[in-house]
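Written below as structure tokens is the structure these notes are about.
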Amino acid sequence: MSRAANGKRGKFAIAAIVAGGVLLAINAPALFSADGDTAPTDMPRQVVSLADQGSQTIQSMRTRLARVPQDAETWAQLGLAFIEQARITGDTDYYADADEALDRSLREQPEDNGTALIGKAALANARHNFSSAREWGEQAKTVLPDTAEVYGALADAHTQLGNPDAATAAVQRMLDLEPGVASFTRAAYDLEQHGRVEDARRALERALGAAGRPADVAFSRYLLGELAFASGQLAEAADQFRKGLLVAPRNIPLLEGQAMIDVARGDIDQALTSYQEIVSRSPLPEYRQEYAAVLSLADRQADAEKQYRLITQRLRELEADGANEALTASEVAADRGREAEALRYARQEWERRKHTSVADALAWALHLNGRDADALTYANRAVALGERNADYAFHRGMILASLGRTADATAALERALRINPHFSPVDAPLARETLKTLRSK
């Protein structure tokens, strides 16, 4: 079952988080935002609809702009609100609204409009146009050199472009300027990419402690759950998702987290019920991709194929709206057994950026096309930073096995299962079966 790196943890190391301070020792990147948990002790314990809050904010800004249509700052803030609403709801149709609002802000104030430039960078990152995001971020930096959000956008872009040193520097600058939820979560992702899982967890706990809004609490809980799941700690992951849902009971990422737990525990019927709700509320291809994989696991191939067709349609819509979805397209093609298509899309994405997730996708696509010697080069690139990623280790192990490197393949597959024995309901059993064969040689 593929894990879509960009939309999820993908998914922003470097930091040693210690009591009383934040120390960053050079290493790497981050990327993400917020969505729900039990509130800290100083926060009212109440159910909050994050989407409704966002809608109210947007309406308030629109009311002001109806009175003062030349207000460039409010246009920029409206653009950022649309981006946040897209993140909360998973509805990427908000991106077009964000683009329009940000462009209007820049028309009203073409010079020194740092907020709008930050918005354009954030929007480009959201659409996976990371080179463009870096350019907008650099422009924003000239206007607002001491604003944390600038470095958050740059960290996200450099992370995904495969520039770990630049990403690390941006995260460090962000932490220096504003050690809060956004900077701690980026530091956590950077640390995780470098295999420093315990430091990443501490950074996320610092983010949770700094959370003052239900959205920030939810987001921090979601990332803590994701990190625990990626380390094979199902009980801890389930607890984080459960606590997040206490504050944001309809939060889609948290519901998706619970569905992952259900799959890992073998409760396929409950997982299918959850995924059906998730895809009915969010058009994100990543969620349908996971739903299709679980449908296939339940031997509902016709229903799975229907989801894949809907994914393909949605990817076309996103591409038409200016988004870059080649990585997801490659993963979906691989899931469907369309090897040549998977390779074509993976190559396209590698031309755009050199992130580890793209190296892994290209390695797997090359393997599926019988080009294992080339595949190993990219599989090695995927693990070069030291990230503890079970999917990467599994792909590398299967490539090594195809090359006849039995000892190395055994070590890689053992590592995948050691990192997370539940990393995939399809690939984890295959890893175990392949290990049996390798050990019998």
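Enumerate the helices (runs of 4 or more DSSP H) found wholly within segment 380-441, keeping only those where 2 or more residues are among the acidic types (Asp, Glu).
406-419, 427-439
State the number of residues belonging to segment 377-396 that are closer than 22 Å to Val426 by Cα and more than 18 Å from the chain's Cα centre (by Cα).
Total meeting the criteria: 5.
Give the residue, chosen from Ala264, Ala293, Ala304, that is surrounded by 15 or more Cβ atoms within 10 Å (Cβ to Cβ) and assigned by TED's automatic domain parsing to the domain that holds Ile88.
Exactly one of Ala264, Ala293, Ala304 is surrounded by 15 or more Cβ atoms within 10 Å (Cβ to Cβ) and assigned by TED's automatic domain parsing to the domain that holds Ile88, namely Ala264.
Taking segment 103-120 only, how many residues are within 19 Å of Ala320 (Cα to Cα) and crowded, with 23+ Cβ neighbours inside 10 Å?
Number satisfying all stated conditions: 1.
Can you tell me how many residues in segment 193-208 are in contact with a Lys or Arg (Cβ under 6 Å, 6 or more places away or on another chain) and buried (at least 22 other Cβ atoms within 10 Å of the Cβ)?
Going through segment 193-208 one residue at a time, the tally reaches 0.
The rows are residues; the columns are (1) over 23 Å from Thr356 (Cβ atoms); (2) at pLDDT below 95; (3) over 19 Å from the mean Cα position of the chain (by Cα); (4) not in a helix (DSSP H, G or I).
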position: Ala170; (1), (2), (3), (4): no, no, no, no
position: Arg173; (1), (2), (3), (4): no, no, yes, no
position: Asp176; (1), (2), (3), (4): yes, no, yes, no
position: Phe184; (1), (2), (3), (4): no, no, no, no
position: Ala188; (1), (2), (3), (4): no, no, no, no
position: Leu204; (1), (2), (3), (4): no, no, no, no
position: Gly212; (1), (2), (3), (4): yes, yes, yes, yes
position: Asp216; (1), (2), (3), (4): yes, yes, no, no
position: Ser220; (1), (2), (3), (4): yes, no, no, no
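Right, Ser330: of a type in the set (Ser, Thr, Tyr), outside the structural domain of Asp97 (by TED's automatic domain parsing) and out of contact with any helix residue (DSSP H, G or I) (no Cβ under 6 Å at 6 or more places or on another chain) or not?
Against the criterion (of a type in the set (Ser, Thr, Tyr), outside the structural domain of Asp97 (by TED's automatic domain parsing) and out of contact with any helix residue (DSSP H, G or I) (no Cβ under 6 Å at 6 or more places or on another chain)), Ser330 does not qualify.
Looking only at segment 373-410, how many residues end up being of a type in the set (Asp, Glu) and crowded, with 20+ Cβ neighbours inside 10 Å?
Looking only at that region, the number is 2.
Kindly evaluate Val426 against the criterion of being closer than 25 Å to Arg265 by Cβ, in contact with a helix residue (DSSP H, G or I) (Cβ under 8 Å, 6 or more places away or on another chain) and outside the structural domain of Ser231 (by TED's automatic domain parsing).
The answer is yes for Val426.
Out of Asp91, Asp42, Asp99, which single residue is surrounded by fewer than 23 Cβ atoms within 10 Å (Cβ to Cβ), in a loop (DSSP other than H, G, I, E, B), acidic (Asp, Glu) and at pLDDT 50 or above?
It is Asp91.
The values are calculated or read from the model by the stated rules, or taken from the named source; none is laboratory data. None of these values were measured; they are calculated from a predicted model. Every residue, glycine as well, gets a Cβ built from its backbone with ideal geometry; the counts of neighbours run over all protein chains shown.
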